[in-house]
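Undergrad: I'd like to ask some things about the structure below.
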Amino acid sequence: MTISECKLVDLPGSADDRGKLAFVEPPSTIPFEIRRVYYLFDIPSGKERGAHGHRDLQQLMIAVSGSFSVVLDDGKECKTFRLSKPDQGLYISKMIWRDLKDFSEDAVCLVLASERYAEDDYFRSYDEFYREATP
Ligand code: TYD
């Protein structure tokens, strides 16, 4: 997997004088079925999250409130995305290391995930990730 597969996705939705709505419905918006949803919130100023990779997990990350930066790394190349729009998601393929940082005070990071939580799917060590990502 390479970083070129990780992309910002404009989410479909509707907008009228009552406000806006965005939705995610596989397979047109994301190439996986959603098996888990979690979100990060109340992140203290200056704190960072992530710092791991996944063997099989695919995700869509959405800044449903506020903004934050996501640095993606496939072992060869890094790319930084600033998420700030509730109607835009960042698709992250498998075998990508991610660091999340520069959270605004009101940031909420919603994550739609392709698998249930499994600690053995994580790379917690960058060296181990790098070895498997660049055989
Ligand atoms: P972690 O994935 O390291 O957080 P982040 O990506 O935001 O830095 O998870 C933090 C803790 O929460 C860790 O002990 C595992 C636990 N956790 C679950 O139990 N279920 C989940 O779905 C997630 C994402 C984490």
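Undergrad: Comparing S125, S104, S67, which has the greatest mean-square fluctuation in the GNM of the chain with Cα pairs linked when under 10 Å apart?
TA: S125
Undergrad: Would segment 1-65 count as rounded, prolate or oblate if I go by the C-alpha gyration tensor, calling it rounded below 1.5 in a/c and otherwise prolate when a/b exceeds b/c, oblate otherwise?
TA: oblate
Undergrad: Can you show me the helix-derived [θ] at 222 nm for the chain, built from DSSP H runs with n ≥ 4 at -39,500 (n - 2.57) apiece and divided by the number of residues, rounded to the nearest 500.
TA: -1500 deg cm²/dmol
Undergrad: I've got another one for you. Let me make sure I get this right: for the chain, a, b and c are the square roots of the gyration tensor eigenvalues over alpha carbons, sorted descending. Under 1.5 in a/c it's rounded, otherwise prolate if a/b > b/c, else oblate. Which is it?
TA: Judged from the Cα gyration tensor, the chain comes out prolate (a/c at least 1.5, a/b above b/c).
Undergrad: Give the aspartates and glutamates whose C-alpha is closer than 15 Å to that of K76, dropping any in the same chain fewer than 8 places away, or say none.
TA: Cross-link targets: E5, D127, E128, E132.
Undergrad: Give the lysines whose C-alpha is closer than 17 Å to that of K101, dropping any in the same chain fewer than 8 places away, or say none.
TA: Within reach: K47, K79, K85.
Read-outs: derived from the displayed coordinates by stated rules, not from any lab. All values reported here derive from a predicted model rather than from experimental measurement.
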